[in-house]
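Written out below as structure tokens is the structure these notes cover.
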Amino acid sequence: MEAAATITPAVLILLGPPGAGKGTQARMLEDEFGLVQLSTGDLLRAAVAAGTEAGKAAKAVMEAGELVGDEIVIAILRDRLAEPDCAKGVILDGFPRTTVQAQALDQLLSETGQKISAAISLEVDDAEMVTRISGRYTCSMCGEGYHDTFKVPVAEGKCDKCGHAEFTRRADDNAETVASRLAAYHEQTAPLISYYQDHGVLKGLNARGNIEEIAGNLKRIVSDAMN
Ligand code: AMP
């Protein structure tokens, strides 16, 4: 671990379309820098599985590949950010996705004297995203990510990381829903690239190459942002 001690914990944002590798890279950053990954997609899927009011409201919207209402997502994020482990610093994966969410985040952070360390935009090509998403699945125990073509477990049917033998595919990882999710990204989330550019915290990352190379470049960006 090379990160120097900071007085205020780091707040990193990973921006990018579905399938860009935000989740994979966020997990790598957790291990490398001791930060906590906050994925609003994961939090919403947990709310759907638990049948909470927020989960009930979000379910159909998520299945259609559209964005869940700002109010619901902001409330979920605010509660999660208030948990003690977030004091170590966080990587926001999939949040904010609209300008309203970005402004709410600025407000939340200003209340606790924090600010955004970097908003990292993962640059990829749309055409590749459908292939990447359609083949992906995760270990149902530890969440390690796999892909039918690009990354299969070393021992067939067993997670490389924890040895578990059950895997899950997300209900919204299918070609039709991916098209809606990409459209939602371009219409509502891509404008955040200029939002963070204007705030002086934007960093671009070419996310088209292999995972290790991208991870190496990302580590350098994060190291700089945390110092
Ligand atoms: P993800 O796991 O980030 O791909 O998110 C899966 C789905 O959850 C998205 O397609 C949206 O329906 C919903 N979702 C996740 N994060 C947000 C957010 N910040 N704002 C609105 N909807 C979200």
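The values are calculated or read from the model by the stated rules, or taken from the named source; none is laboratory data. Only a predicted model underlies this, so the values are computations on that prediction, with no experimental measurement involved. Here Cβ is always computed from backbone atoms with ideal geometry, including for glycine, and neighbour counts include all displayed protein chains. Please note that ligands, DNA and RNA were not included when accessible areas were found on the heavy atoms of the full protein model with its side chains. Shrake-Rupley method; radii C 1.70, N 1.55, O 1.52, S 1.80 Å.
Over all other residues within a Cβ to Cβ distance under 13 Å of Leu15, the charged ones net out to +1, with Lys and Arg as +1 and Asp and Glu as -1. Amide H contacts for Leu15 (H built 1.01 Å from N in the peptide plane; partners 5 or more residues away or on another chain; cut-off under 5 Å): Ile120, Ser121, Leu122. Counting only DSSP H runs of at least 4 residues, each contributing -39500 (n - 2.57), and dividing by the residue count of the chain, the helix-based mean residue ellipticity at 222 nm comes to -13500 deg cm²/dmol. Rolling a 1.4 Å probe across all protein chains gives Glu123 an accessible area of roughly 80 Å².
Isolated cysteines in the chain, defined as those with no second cysteine Cβ under 4.7 Å, comprise Cys86. Within straight-line reach of Lys151, meaning a Cα separation under 24 Å, sit the following lysines at least 8 residues removed in sequence or on another chain: Lys22, Lys161, Lys219. Give me a comma-separated list of calculated 3J(HN,Hα) values for the range 93-102, in order, Karplus coefficients 6.51, -1.76, 1.60 applied at θ = phi - 60°, integers in Hz, x for any Gly or Pro. Karplus-based 3J(HN,Hα) across the range 93-102 equals 10, x, 9, x, 10, 9, 5, 4, 5, 5 Hz. Calculate what fraction, in whole %, of the accessible area of the range 137-227 sits on carbon and sulfur atoms when a 1.4 Å probe is rolled over the protein chains. Exposed carbon and sulfur together represent 51 percent of the surface. Dipole check for the range 2-157: with +1 at the C-beta of Lys and Arg, -1 at the C-beta of Asp and Glu, and the Cα centre as origin, the magnitude is about 180 Debye.
The magnitude of the dipole of the range 112-209, with charges of +1 and -1 set on the Cβ of Lys/Arg and Asp/Glu and taken from the Cα centre, is near 340 debye. Averaging the Cα positions of each part gives two centres, and for the range 133-188 and the range 47-94 these lie 20 Å apart.
For the chain, just say rounded, prolate or oblate: build the C-alpha gyration tensor, square-root its eigenvalues into a ≥ b ≥ c, call rounded for a/c under 1.5, and beyond that prolate if a/b exceeds b/c, oblate if not.
In terms of gyration-tensor shape, rounded.
For a straight C-alpha distance cut-off of 17 angstrom, the lysines reachable from Lys115 (same-chain residues fewer than eight places away being disregarded) are Lys88, Lys203.
Placing Val36, Val152 in order of accessible area, with the largest value first and a 1.4 Å probe, yields Val152, Val36.
Estimated at the nearest 10 Å², the accessible area of Tyr196 is 0 Å² with a 1.4 Å probe. If you sort Leu67, Leu205 by accessible surface, 1.4 Å probe, largest first, the order is Leu67, Leu205.
Probing with 1.4 Å while keeping every protein chain in the model, the per residue accessible area of the range 85-142 equals 43 Å². Counting only heavy atoms of the protein chains and using a 1.4 Å probe, Val154 has close to 130 Å² of accessible surface. By accessible area, using a 1.4 Å probe on protein heavy atoms only, the range 1-102 has 55% of its surface on carbon and sulfur. Whole-Hz Karplus values for the range 201-216 come out as 10, 6, 10, x, 9, 5, 10, 8, x, 7, 4, 5, 5, 4, 4, x Hz, taken residue by residue from phi with 6.51 cos²θ - 1.76 cosθ + 1.60 and θ = phi - 60°; glycine and proline positions read x. Of the residues Lys88, Lys22, Lys59, the one with the largest accessible area comes first in the ranking Lys88, Lys59, Lys22, computed with a 1.4 Å probe on protein heavy atoms.
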